[in-house]
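What follows is a set of notes on a single structure, which appears directly below.
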Amino acid sequence: MATVQAVAKGSVESPRPRGSRTAGSLGCRSGAVAVRVGGSWRKSPFLGGRLAVGPRGPRAVSRNLVASPVLMNLAFAKATKWWEKGLQPNMLEIETAQDLVDSLTNSGDKLLVVVFFSPGCAGCHALHPKICQLAERNPDVQFLQVNYEEHKSMCYSLHVHVFPFFRFYRGAQGRLCSFSCTNATIKKFKDALAKHKPGRCSLGPTKGLEESELLALAANKDLQFHLYQRARTGS
């Protein structure tokens, strides 16, 4: 007990010549150290003095582990967002207004469905898996996804204020129909798909957005969109 108290108080003496051991002090040997582990002394070249180490029991591990906020944030950041799940090859994300205009203009006679959604919209979230299923069953139809949170200004110029919202386009006919629907009214979407899907030859250039919509996008200073003047032939 006295030995342990002496070590705790820092009263371990430095090495002395052989045979000069005093009563009540910790004996030392030069060049080697006897370490007491589990009640016995063992030699160790540590500091040139004796160190008494009592038996140690198993260390208790706290069960109340606290997760690191940084690790939690990284885990959430890597989690797939609901509107990114189940996407099919014919479902594309629109990144800019120019991207939307070009996608519609260069579609030829293919049927295009523009899907306007908002990440915070519960109806959009619930309907998303069914839209993905319909896209899978109709690989010849192109679906264009527009995220309202990332394109608020563009949606405003296109007068889209309700979500989920859908617009159907095809070739020279331009916009065929537009409507909003939910899981309860998904038949409206299926009917529009069945009506406009059959292949039809549309004469003339692909129309895409209405002229008024193109002008609205070009006038919107928040968008990097440039309206290209279409060549017109005189009579």
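This table checks each residue for (1) at pLDDT 90 or above; (2) surrounded by fewer than 14 Cβ atoms within 10 Å (Cβ to Cβ); (3) in a strand (DSSP E or B); (4) outside the structural domain of Asp102 (by TED's automatic domain parsing).
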| site | (1), (2), (3), (4) |
| --- | --- |
| Tyr169 | yes, no, yes, no |
| Leu193 | yes, no, no, no |
| Gly199 | no, yes, no, no |
| Pro205 | no, yes, no, no |
| Ser212 | yes, yes, no, no |
| His226 | no, yes, no, yes |
| Ser235 | no, yes, no, yes |
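Within region 171-186, the set of residues being without any contact (Cβ under 8 Å) to a residue 60 or more places away in the chain and not in a strand (DSSP E or B) comprises Ala172, Gln173, Cys181, Thr182, Ala184, Thr185, Ile186. For region 58-79, indicate whether the set of residues that are at pLDDT 95 or above and out of contact with any Gly (no Cβ under 8 Å at 6 or more places or on another chain) is non-empty. Scanning region 58-79 turns up no residue that is at pLDDT 95 or above and out of contact with any Gly (no Cβ under 8 Å at 6 or more places or on another chain).
In region 136-152, the residue that is nearest to the chain's Cα centre (by Cα) out of those that are assigned to a helix (DSSP H, G or I) and surrounded by fewer than 14 Cβ atoms within 10 Å (Cβ to Cβ) is Lys152.
Of the residues making up region 129-144, not a single one is at pLDDT below 95, in contact with a helix residue (DSSP H, G or I) (Cβ under 7 Å, 6 or more places away or on another chain) and not hydrophobic (A, V, I, L, M, F, W, C).
For the residues Phe189, Phe116, Phe163, the requirement of being over 16 Å from Lys81 (Cβ atoms) and not in a helix (DSSP H, G or I) singles out Phe116. Candidates Cys155, Cys132, Cys121: the one that is surrounded by 14 or more Cβ atoms within 10 Å (Cβ to Cβ) and in contact with a Pro (Cβ under 7 Å, 6 or more places away or on another chain) is Cys121. Restricting attention to region 153-190, the residues that are more than 28 Å from Pro205 (Cβ to Cβ) and not basic (Lys, Arg) add up to 11.
The values are calculated or read from the model by the stated rules, or taken from the named source; none is laboratory data. Keep in mind that this is a model prediction, so the values were computed, not measured. Heads up, the Cβs are rebuilt from the backbone with ideal geometry, glycines too, and the neighbour counts pull from every protein chain shown.
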